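Let me begin by presenting the structure, written as structure tokens, before commenting on it.
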Amino acid sequence: MGTLLEKIIYAHGGSRWSEVDQISATRQFGGAFWSLKSVPGIAEEGRFTVDLRREHSQLYNFGDANLHTDFTPDRVAIVRADGAVVEELLNPRDSFNGHELMTPWNDLHLAYFTGYAMWTYNTEPQSFTLDGVVTEELGPWTEEDGQVWDRLQVTYPSSLATHTPVQVLYADSDGVLRRRDYSVDIAGGSPAVEYMTEHTLFDGLLLPKHREIFVRDDAGHAVREPLLVSIDIDDVSIG
């Protein structure tokens, strides 16, 4: 195997990614974050779709079975099943100026955050190959339990919306992604660590079915209480 990026892509499905345009699945969100941001009970359950050729996602059952989100980096909207736009926000990133971790969100803030987060998580490692994305190998890291993982720094261009431009992904000896470090810029730059487990093969693509996100301390370790966010996906459709 060549570079770490090539190893990761191969482990997660290799050339199959180039044959796929969209991923759809059910979602289940948990953790303390949603109440912290004053948006519980809106986005936690339903299906979602992500596009692999551009940054676009939709979350269905968004506060109501008849509503879904429509996200791109420069626009987010809440839409009825008949296509009527209930609310929309252009240049949504600007609406987070001055936000800190405890700043409450409205529904469009939530739609933006969940839109880019689900796209970021469920399009990798294909998204690492998009125009403007730069990767760099950082060497090994030893987890507190003794596991040794290789680190890949991923720098996203300003044209892509995500947590923060520079993030670090961790892969095991097989090239399977196990961890991500980032800060949530739209929530005061709070440092986070995300763990990925229950990797499952869906129509040739290897995807983690379970994610857990915690605060990250100064030593780079997870603060295990509280669990900020959990994400479970299932019933995956590849198209």
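The numbers here are math on the coordinates, done by the rules we state, and not lab data. Just so it is clear, the structure is predicted and the values come from calculations on it, not from any experiment. A quick note on method: Cβ atoms are made from the backbone with ideal geometry, for glycine too, and the neighbour counts reach across all protein chains shown.
A few remarks follow.
- The single condition from (1) in a loop (DSSP other than H, G, I, E, B); (2) free of Cβ contacts under 8 Å to residues at least 24 places away in the same chain; (3) under 18 Å from Leu4 (Cβ atoms) that Gly175 fails is (2).
- Test: Gly188 is surrounded by 14 or more Cβ atoms within 10 Å (Cβ to Cβ) and farther than 25 Å from His12 by Cα: yes
- Leading residue by the ranking (nearest to Gly13 (Cα to Cα)) among those in region 94-135 that are charged (D, E, K, R) and surrounded by fewer than 16 Cβ atoms within 10 Å (Cβ to Cβ): Asp131
- Enumeration of residues in region 107-127 that are in contact with a helix residue (DSSP H, G or I) (Cβ under 6 Å, 6 or more places away or on another chain) and either over 24 Å from Asp64 (Cα atoms) or outside any helix (DSSP H, G or I) (or both): Pro125, Gln126
- Filter result for the condition that a residue is part of a strand (DSSP E or B), loosely packed, with under 13 Cβ neighbours inside 10 Å and acidic (Asp, Glu), over Glu198, Glu194: Glu198
- The sole residue among Gly132, Gly139, Gly115 that is without any contact (Cβ under 8 Å) to a residue 24 or more places away in the chain and of a type outside the set (Phe, Trp, Tyr) is Gly139.
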